[in-house]
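A.B. asks: Structure in structure tokens, see below.
The values are calculated or read from the model by the stated rules, or taken from the named source; none is laboratory data. Predicted model only: the values in this text are computed from it and were never measured. So basically every Cβ, Gly included, is an ideal-geometry build from the backbone, and we count neighbours across all protein chains shown. Side chains included, ligands, DNA and RNA excluded: accessible areas come from the protein's heavy atoms. Shrake-Rupley method; radii C 1.70, N 1.55, O 1.52, S 1.80 Å.
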Amino acid sequence: MPETSSTAPTIVWYRQDLRIGDHPALSDASARGPVVPVYILWDEEEGGWAPGSASRWWLHHSLKSLSADLADKGSPLVIRRGPALKTLLDLARQTGASGVVWNRRYEPAAIARDTAVKAALRREGLTAESHNGSLLFEPWEIKTGSGGPFKVFTPFWRACRAATEPPAPLKAPRTLTPPRQRPSSLRIEDLGLLPRIGWDKEFYEHWKPGEAGAARELSTFLKNVVDGYAVQRDVPAVRGTSRLSPHLHWGDIGPRQVWHAVLAASVNGGRAGAMGKGAETYLKELCWREFAYHVLYHQPRTVDVSLREEFEHVAWSKDRSALKRWQSGRTGYPIVDAGLRELWVTGWMHNRVRMIVGSFLTKDLLIPWRKGAEWFWDTLVDADLASNTFGWQWVAGCGADAAPYFRIFNPVLQSERFDPQGEYLRRWLPELARLGTPWIHRPWEAPPEVLRAAGVRLGEEYPLPMVDHAEARERTLEAFKVLKSAGR
Ligand SMILES: Cc1cc2nc3c(=O)[nH]c(=O)nc-3n(C[C@H](O)[C@H](O)[C@H](O)COP(=O)(O)OP(=O)(O)OC[C@H]3O[C@@H](n4cnc5c(N)ncnc54)[C@H](O)[C@@H]3O)c2cc1C
């Protein structure tokens, strides 16, 4: 039975919002009285998209950080494993809680589960409330003139800019009151989130999961990167972006915190209220994330099928060995291989290179986007169902995009344009490190004496191209003719 309402604790159900600051559910619960924060791991309720290996690494460390912060505030994090509803009801019984609060998720399986959980909790006499802790705007708030969802980004972005400014972030509660009965908890280690084989060893050099790590990353970005962001964001060799994506996915930081910090830095930066180009471009990128959630919410089937369903009729390749070569960064196209190796080593890949490797998989190898999305899902620390699905469908040409489906990136031209000196290529492909430009972008065209001098043995340490881009392009355009006949 719940305790009397003044002393009965409220359960805060943590999910992809692993922080204390700007946490509407935590603020709501702590204003009511004692708080029981809980994280529940239950892969079976994720609709086939349970966190992949790299995400689990992040989750482990982010939970560690959250757990320490909550203990400092006065109410330690409870860790459980099991179906959400049963676990929440058990916990309510054990602590005498009168209700549960959480910040919303928008993946189709999460929406279905949360709706059912909310109704069941209320039937049991508990309160159940949800809040927006993960988006600038709810997916249903931004509407076209006729009240429907947007299908392309630019008008969506304009509507976001015209909408009321996202609310200022909430302050973290100063202290938290624990429940009188301390509930039992697993240890974070008991969740078994860390990999058994140590392929994650370099992650530690690149990332600091958790709220403090996110704040540090944001502060570095605002100090050193944001002013040049509009240009540098497309250059994979430099630190030209915020690298906040895994923090945003797991909610180590909320988008409102980022949005307002960028605005404040822009105004305080001596520009008398005028937004710098870097800051404006950055806010626009944050709204790409919003748009991905908007599309996911209004088109939930896109996690499995192409938004433009005629793409399902293309004669996609089932060549598993080609997929394997792509996954292991051995396609023979340096920019593609560098990206896939960056992904393997760091759990992250630069956005420009994500587009190039995605185009190569779907257009040069004619492998369905879903295979690429699955690989990214397992290997990215920022794997996010909305952004990953959106990104892959955009690259494949079958998603919410105004560009024509027959846009096919030329991996060599992309490499020469965005990594002109080959710095990014040399960082990730040591076997080509002594090869100069322009040959490093297309080593198979280099004269034998140049290859010899650089110590490069093509077809041995580094492979020859697995396909000829021009031929692959023609083959794909041929395969895509079926789209024309479907009326595109
Ligand atoms: C094939 C493909 C798959 C992708 N999969 C994911 C994914 O699983 N998770 C993910 O967070 N992003 C994904 N993206 C989008 C984008 O590549 C990353 O958000 C970005 O590279 C993260 O680096 P950053 O934080 O330094 O970005 P910044 O350039 O600093 O951008 C700031 C933030 O804006 C958001 N953002 C920027 N670009 C995009 C975009 N195109 N779509 C959605 N959000 C965006 C991210 O939250 C990002 O952290 C994917 C893109 C492609 C082409």
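A.B. asks: Are any residues in region 224-253 in a loop (DSSP other than H, G, I, E, B) and either under 20 Å from ASP419 (Cα atoms) or touching a His at 6+ places or on another chain (Cβ under 6 Å) (or both), and if so, which ones?
C.D. replies: Initial filter on region 224-253 (in a loop (DSSP other than H, G, I, E, B)): 233-244, 251-253.
Scanning region 224-253 gives ARG233, ASP234, VAL235, PRO236, ALA237, VAL238, ARG239, GLY240, THR241, SER242, ARG243, ILE253.
A.B. asks: A follow-up question, please. Within region 321-330, work out how many residues are hydroxyl-bearing (Ser, Thr, Tyr) and within 25 Å of the chain's Cα centre (by Cα).
C.D. replies: Keep residues of region 321-330 that are hydroxyl-bearing (Ser, Thr, Tyr), which gives 321, 328.
Subsequent filtering for residues that are within 25 Å of the chain's Cα centre (by Cα) retains 328.
Within region 321-330, residues that are hydroxyl-bearing (Ser, Thr, Tyr) and within 25 Å of the chain's Cα centre (by Cα) number 1.
A.B. asks: Let me ask another. If I ask for residues that are within 26 Å of LEU283 (Cβ to Cβ), surrounded by fewer than 19 Cβ atoms within 10 Å (Cβ to Cβ) and β-branched (Val, Ile, Thr), which ones from region 118-163 would you list?
C.D. replies: Within region 118-163, THR144, VAL152, THR154 qualify.
A.B. asks: If the requirement is being more than 22 Å from ASN388 (Cα to Cα), touching a helix residue (DSSP H, G or I) at 6+ places or on another chain (Cβ under 6 Å) and either small (Gly, Ala, Ser) or modelled with pLDDT of 95 or more (or both), which of these qualifies: ALA264, ALA315? First the steps, then the outcome.
C.D. replies: Working: ALA264 fails: touching a helix residue (DSSP H, G or I) at 6+ places or on another chain (Cβ under 6 Å).
Selected residue: ALA315, the only one of ALA264, ALA315 that is more than 22 Å from ASN388 (Cα to Cα), touching a helix residue (DSSP H, G or I) at 6+ places or on another chain (Cβ under 6 Å) and either small (Gly, Ala, Ser) or modelled with pLDDT of 95 or more (or both).
A.B. asks: Please name all residue pairs, on different chains or six or more residues apart, with Cβ atoms under 7 Å, provided the first residue is in region 377-398 and is outside the structural domain of ARG56 (by TED's automatic domain parsing) and without any contact (Cβ under 8 Å) to a residue 24 or more places away in the chain and the second residue is more than 6 Å from the ligand (Cβ to nearest atom) and small (Gly, Ala, Ser).
C.D. replies: These pairs meet every condition: ASN388/ALA373.
A.B. asks: With more than 30 Å from PRO108 (Cα to Cα) and surrounded by fewer than 20 Cβ atoms within 10 Å (Cβ to Cβ) as the only criterion, which of ALA261, ALA279 stands out? Spell out the reasoning first.
C.D. replies: Numbers: ALA279 fails: surrounded by fewer than 20 Cβ atoms within 10 Å (Cβ to Cβ).
The unique qualifying residue is ALA261.
A.B. asks: So which residues in region 285-308 are over 17 Å from VAL152 (Cα atoms) and open to solvent by 60 Å² or more (accessible area, probe 1.4 Å)?
C.D. replies: From region 285-308, those over 17 Å from VAL152 (Cα atoms) are 301, 303-305; that's our starting set.
Result: ARG301, ASP304.
A.B. asks: Taking the condition surrounded by fewer than 20 Cβ atoms within 10 Å (Cβ to Cβ) and within 16 Å of the ligand (Cβ to nearest atom), does TRP316 pass?
C.D. replies: Details: surrounded by fewer than 20 Cβ atoms within 10 Å (Cβ to Cβ): yes; within 16 Å of the ligand (Cβ to nearest atom): no.
No, not satisfied.
A.B. asks: Run ARG122 past the list (1) of a type outside the set (A, V, I, L, M); (2) free of Cβ contacts under 8 Å to residues at least 24 places away in the same chain; (3) outside the structural domain of SER65 (by TED's automatic domain parsing); (4) closer than 22 Å to ASP28 by Cβ and report the number of the one that doesn't hold.
C.D. replies: Looking at each condition in turn, ARG122 falls short on (3).
A.B. asks: Name the one entry in LEU89, LEU85, LEU18 that is in a helix (DSSP H, G or I), touching a helix residue (DSSP H, G or I) at 6+ places or on another chain (Cβ under 7 Å) and of a type outside the set (Lys, Arg). Write out each step before concluding.
C.D. replies: Working: LEU89 fails: touching a helix residue (DSSP H, G or I) at 6+ places or on another chain (Cβ under 7 Å); LEU18 fails: in a helix (DSSP H, G or I).
Sole residue among the options that is in a helix (DSSP H, G or I), touching a helix residue (DSSP H, G or I) at 6+ places or on another chain (Cβ under 7 Å) and of a type outside the set (Lys, Arg): LEU85.
A.B. asks: Any residue in region 428-440 that's under 12 Å from ASP337 (Cβ atoms): show its pairings with residues that are of a type in the set (Val, Ile, Thr) at Cβ separation under 7 Å, as long as the two are six or more apart or on different chains.
C.D. replies: Pairs that qualify, where the first residue is under 12 Å from ASP337 (Cβ atoms) and the partner is of a type in the set (Val, Ile, Thr), are GLU431/VAL456; LEU432/ILE440; LEU432/VAL456.
A.B. asks: Determine whether region 206-223 contains at least one residue that is of a type in the set (A, V, I, L, M, F, W, C), in contact (Cβ under 8 Å) with a residue 24 or more places away in the chain, touching a Ser or Thr at 6+ places or on another chain (Cβ under 9 Å) and not in a helix (DSSP H, G or I).
C.D. replies: Yes: region 206-223 contains one or more residues that are of a type in the set (A, V, I, L, M, F, W, C), in contact (Cβ under 8 Å) with a residue 24 or more places away in the chain, touching a Ser or Thr at 6+ places or on another chain (Cβ under 9 Å) and not in a helix (DSSP H, G or I).
A.B. asks: Identify the single condition in (1) near the ligand (Cβ under 10 Å from one of its atoms); (2) outside any loop (DSSP other than H, G, I, E, B); (3) charged (D, E, K, R) that ARG256 does not satisfy, given that it satisfies every other one.
C.D. replies: Against the list (1) near the ligand (Cβ under 10 Å from one of its atoms); (2) outside any loop (DSSP other than H, G, I, E, B); (3) charged (D, E, K, R), ARG256 comes up short only on (1).
A.B. asks: Please indicate, with yes or no, whether at least one residue in region 204-215 is surrounded by fewer than 17 Cβ atoms within 10 Å (Cβ to Cβ) and farther than 21 Å from LEU59 by Cα.
C.D. replies: No: zero hits.
A.B. asks: Now for a different question. Answer yes or no as to whether ALA338 is part of a helix (DSSP H, G or I), more than 14 Å from the ligand (Cβ to nearest atom) and surrounded by fewer than 20 Cβ atoms within 10 Å (Cβ to Cβ). Quick ask: steps written out before the conclusion?
C.D. replies: Working: part of a helix (DSSP H, G or I): yes; more than 14 Å from the ligand (Cβ to nearest atom): yes; surrounded by fewer than 20 Cβ atoms within 10 Å (Cβ to Cβ): no.
No.
A.B. asks: Looking for something among the hydroxyl-bearing types (Ser, Thr, Tyr) and surrounded by 19 or more Cβ atoms within 10 Å (Cβ to Cβ) - is there at least one such residue anywhere in region 185-196?
C.D. replies: Start the filter on region 185-196 by keeping residues that are among the hydroxyl-bearing types (Ser, Thr, Tyr), which leaves 185.
Next, from what is left, pick out any that are surrounded by 19 or more Cβ atoms within 10 Å (Cβ to Cβ): none.
Checked region 185-196: no residue is among the hydroxyl-bearing types (Ser, Thr, Tyr) and surrounded by 19 or more Cβ atoms within 10 Å (Cβ to Cβ).
A.B. asks: If I ask for residues that are part of a helix (DSSP H, G or I) and either closer than 15 Å to ILE356 by Cα or open to solvent by less than 10 Å² (accessible area, probe 1.4 Å) (or both), which ones from region 418-432 would you list?
C.D. replies: Taking region 418-432 as the starting set, the residues that turn out to be part of a helix (DSSP H, G or I) are 418, 423-428, 430-432.
Across region 418-432, the qualifying residues are PHE418, TYR424, LEU425, LEU432.
A.B. asks: Checking ALA128 against (1) at pLDDT 95 or above; (2) over 30 Å from THR379 (Cβ atoms); (3) part of a loop (DSSP other than H, G, I, E, B): exactly one of these is not met. Which one?
C.D. replies: (3)
A.B. asks: Continuing with this model, one more query. Which helices (runs of 4 or more DSSP H) sit wholly inside region 433-488 and have at least 2 residues that are open to solvent by less than 40 Å² (accessible area, probe 1.4 Å) and touching a Leu at 6+ places or on another chain (Cβ under 9 Å)? Please lay out each step first, then the result.
C.D. replies: Numbers: elements: 448-453, 469-479, 481-485.
Helices (runs of 4 or more DSSP H) meeting the threshold: 469-479.
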